[in-house]
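Heads up, the thing below is written out as structure tokens.
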Amino acid sequence: MHHALITGANRGLGLEHARQLLERGWHVSAAVRDPAAATELAALQVGAGKLDIHAYDAADPDSAQALARMVTGPVDLLFANAGMMAPETRRFGAAAGAAMLEEFRVNSIAPLALVEAFVDRVAESEMKVIALQSSRMGSVRDNDSGGGYGYRASKAALNAIGKSLSIDLKDRGIVVLILHPGWVKTDMGGPNGQLTVQESVSGQLDLIARAYGNPVMSGRFYHVSGQDLPW
């Protein structure tokens with residue numbers, strides 16, 4: 001049974017990743033801020049899979065190490081999915097403040113802390129895949145509309161972190177994917193998104209399956225369609 005650890009698994013893309021992996025018979029360790037409130041996650045049909053729910057707060061720098069003490073065994077897929085977008089940092093004028101620091105803590109630093117806490121578990125697994133949930137808004141070259149200061153900058157930082165991880169972890173056989181889920185109909189993406197959550201997650205899981213034993217995919221920035229995105 002393959003084992004996935006997914007952060008931010010109580011809603012949106014993370015919840016759907018947990019759902020689809022359970023349907024495929026995976027063991028899913030779902031990390032959420034408040035396990036008691038994750039009722040939709042807890043109600044998922046497990047079938048041949050296995051579901052464990054753990055407390056994890058991406059804004060807390062010590063949370064990754066605490067999570068590593070709770071989750072046992074090899075981790076085939078480490079998915080840093082938890083993220084945030086602060087409304088205060090969307091427009092020029094007052095973006096540089098506490099909300100922007102929070103975005104960097106959650107969107108950039110937390111995924112790196114997660115990898116540092118779990119790298120040995122990933123290295124001892126069969127699949128050895130790390131996935132970072134980024135965004136096309138983190139592309140500098142693709143920015144033709146401005147704004148989004150905190151979210152754009154924190155996702156660009158995540159992309160840089162992912163690229164370095166792909167180089168530093170290459171000798172351990174680990175493939176690092178940097179993923180853009182597409183414009184999805186979620187609380188963050190809004191109702192006008194072009195993809196359903198189910199479609200986006202299905203596409204991302206296809207990319208993850210392709211990455212198994214395929215080091216040429218490591219350190220690249222992928223649209224959910226499989227297209228390489230510009231940095």
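Structure above, values below:
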read-out	value
GNM top mover of GLY73, GLY203, GLY173 - the chain, alpha-carbon springs below 10 Å	GLY73
Acute angle (nearest 10 degrees) that the helix 197-211 long axis makes with the longest principal axis of the chain, alpha-carbon atoms	70 degrees
Listed residues ARG11, ARG33 arranged by accessible area, highest first, probe 1.4 Å	ARG33, ARG11
Between helix 110-123 and the chain: long-axis angle, C-alpha atoms, 0 to 90°, nearest 10	30 degrees
Backbone HN-Hα couplings from phi across segment 18-24 [Karplus 6.51/-1.76/1.60, Hz, Gly and Pro as x]	4, 4, 5, 5, 4, 4, 8
Eligible lysines near LYS128 by straight Cα distance, threshold 18 Å, same-chain separation 8 or greater	LYS163, LYS170
Label-point separation, LYS170 to THR72 (7 Å along Cα→Cβ), nm	3.7 nm
The chain, helix-only ellipticity at 222 nm - DSSP H runs n ≥ 4, -39,500 (n - 2.57), divided by all residues, nearest 500	-10500 deg cm²/dmol
Å² per residue, accessible surface of the chain at 1.4 Å	46 Å²
Over segment 1-138, equivalent-ellipsoid semi-axes from the Cα gyration tensor in Å	27, 17, 13
Convex hull projection area averaged over all views, segment 17-83, Cα basis, nm²	4.6 nm²
Principal-axis tilt of helix 149-168 within the chain, Cα atoms, nearest 10 degrees	40 degrees
Solvent-accessible ranking of ASP57, ASP144, ASP120, largest area first, probe 1.4 Å	ASP144, ASP120, ASP57
Range of Cα positions in the chain per principal axis (Å), largest first	50, 39, 35
Portion, in percent, of the accessible area of the chain that falls on carbon or sulfur, probe 1.4 Å	51 percent
Over segment 80-160, equivalent-ellipsoid semi-axes from the Cα gyration tensor in Å	28, 14, 8
Largest-first principal axis extents of the Cα set of segment 108-231 (Å)	41, 28, 23
Residue among ARG152, ARG141, ARG90 with the largest mean-square fluctuation in a Gaussian network model of the chain, springs linking Cα atoms under 10 Å	ARG141
GLU88 accessible area, 1.4 Å probe, all protein chains in place, Å² to nearest 10	110 Å²
Candidate aspartates and glutamates for bridging to LYS185, where Cα separation is under 19 Å - those fewer than 8 sequence places away on the same chain excluded	GLU16, GLU40, GLU199
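The values are calculated or read from the model by the stated rules, or taken from the named source; none is laboratory data. Predicted model only: the values in this text are computed from it and were never measured. Backbone-built Cβ (ideal geometry, glycine too); neighbour counts: all protein chains shown. We work out accessible area using only protein heavy atoms, side chains counted, and drop any ligands, DNA or RNA first. Shrake-Rupley method; radii C 1.70, N 1.55, O 1.52, S 1.80 Å.
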